[in-house]
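For reference, the structure discussed in these notes is given below.
The values are calculated or read from the model by the stated rules, or taken from the named source; none is laboratory data. Because the structure is predicted, anything quoted here is derived from the model rather than measured. FYI the Cβ positions are ideal-geometry reconstructions off the backbone, even for glycines, and counts take in every protein chain you see. Areas reflect the complete protein model, heavy atoms only, side chains present, ligands, DNA and RNA absent. Shrake-Rupley method; radii C 1.70, N 1.55, O 1.52, S 1.80 Å.
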Amino acid sequence: RRTLGPESMLGSAELFTFQDKLRAVGQDVEFVYDPDFPILYTKRDLEVAQLLGEMLVLRPTAMKVGKGKKQKEVPITVMNIKELLKKDPSGSKNPLFYSDWYGGESFATDEKLQGGWAIVSKKPLAGSYSNTYADQSAQLLAHGVDLSNFRVDHANAMRRTAVEAVFDTMFSYSVTGTKPLSDKYDWTSTQASGGRQVFVGRFGEDGLVVFRWYPDHSAPSFGVVTQR
């Protein structure tokens, strides 16, 4: 926290804040995580993260919903996050999700958030817009080389999954009040039906967009958020 600055840290304290804000709007939830999750990043990893405008995020493994005997533990999926955020923890009456076309898509119901720590870029990689999915993947490899030149211990730059992108976005928004990806999309590693890749973003007054796009296409608002 000292190295990154508090604005770039979404750890256990912020997870409790997220949880408390959800409870304040009627959602009985407890995020499940191992308090002994090791932070594998070195001080050099974190110094470079601060330099590049990245953040450190703690992702839970599951969540307990409900009270007393009715409480049950469920995985964190896109649809379960959407259900959890029926009301905006900030008190806004605007919807937090745009559309629900993906309710029948397996990626939204079956892809589970994996618990642990991740260093995540706050914005899509510069220069990754208006590129095909394959071109973006090549840029990720090049970005990994750039990270290696910084002599970090973790230089494997990857895409987020759809559930990671949705969770990180809602976690950050609920704690900070600022909407990440307000005018851009993160093209994720998750595949939807028809061979299309899921993208997440344009988090405006109509809510967070979760949709799909053909990997051989491109768009000026489509970039790639990196994680390592």
Taking into account only those residues within the range 148-196 that are touching a strand residue (DSSP E or B) at 6+ places or on another chain (Cβ under 7 Å), in a loop (DSSP other than H, G, I, E, B) and without any contact (Cβ under 8 Å) to a residue 60 or more places away in the chain, which is farthest from Leu51 (Cα to Cα)? Arg196
Which residues, counting only those in the range 2-15, are touching a strand residue (DSSP E or B) at 6+ places or on another chain (Cβ under 9 Å) and within 15 Å of Thr176 (Cβ to Cβ)? Leu4, Glu7, Ser8, Met9, Leu10, Gly11, Glu14, Leu15
Those residues of the range 14-53 which are small (Gly, Ala, Ser) and either within 15 Å of Met170 (Cβ to Cβ) or loosely packed, with under 13 Cβ neighbours inside 10 Å (or both) amount to Ala24, Gly26, Gly53
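Is it the case, given these coordinates, that Val210 is outside any loop (DSSP other than H, G, I, E, B), open to solvent by less than 20 Å² (accessible area, probe 1.4 Å), farther than 30 Å from Asp45 by Cα and β-branched (Val, Ile, Thr)?
yes
For (1) in contact with a strand residue (DSSP E or B) (Cβ under 7 Å, 6 or more places away or on another chain); (2) of a type in the set (A, V, I, L, M, F, W, C), each residue gets a yes or a no:
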position	(1), (2)
Gly68	no, no
Val74	yes, yes
Thr77	no, no
Lys82	yes, no
Asp88	no, no
Gly91	no, no
Leu96	yes, yes
Trp101	no, yes
Phe107	yes, yes
Gln136 is checked against (1) open to solvent by less than 30 Å² (accessible area, probe 1.4 Å); (2) polar (S, T, N, Q); (3) at pLDDT below 95 and fails just one. What number does that condition carry? (3)
Restricting the range 66-122 to residues that are hydrophobic (A, V, I, L, M, F, W, C) and more than 16 Å from the chain's Cα centre (by Cα), the one most open to solvent (accessible area, probe 1.4 Å) turns out to be Trp101
Which one of the conditions (1) in contact with an Asp or Glu (Cβ under 9 Å, 6 or more places away or on another chain); (2) modelled with pLDDT of 95 or more; (3) open to solvent by 30 Å² or more (accessible area, probe 1.4 Å) does Thr190 fail to meet, given that it meets all the rest? (3)
Given (1) under 18 Å from the mean Cα position of the chain (by Cα); (2) within 17 Å of Gly177 (Cα to Cα), number of the condition Lys21 does not satisfy: (1)
Among the listed residues Ser130, Ser218, identify the single one that is polar (S, T, N, Q), in contact with an Asp or Glu (Cβ under 9 Å, 6 or more places away or on another chain), closer than 30 Å to Asn94 by Cβ and open to solvent by 20 Å² or more (accessible area, probe 1.4 Å). Ser218
Could you list, in sequence order, all residues of the range 161-170 that are in contact with a Ser or Thr (Cβ under 8 Å, 6 or more places away or on another chain), open to solvent by less than 10 Å² (accessible area, probe 1.4 Å) and either of a type in the set (Val, Ile, Thr) or closer than 24 Å to Glu47 by Cβ (or both)? Val163
Counting only helices (runs of 4 or more DSSP H) wholly inside the range 27-123, the ones holding at least 2 residues that are within 24 Å of Arg151 (Cα to Cα) are 43-52
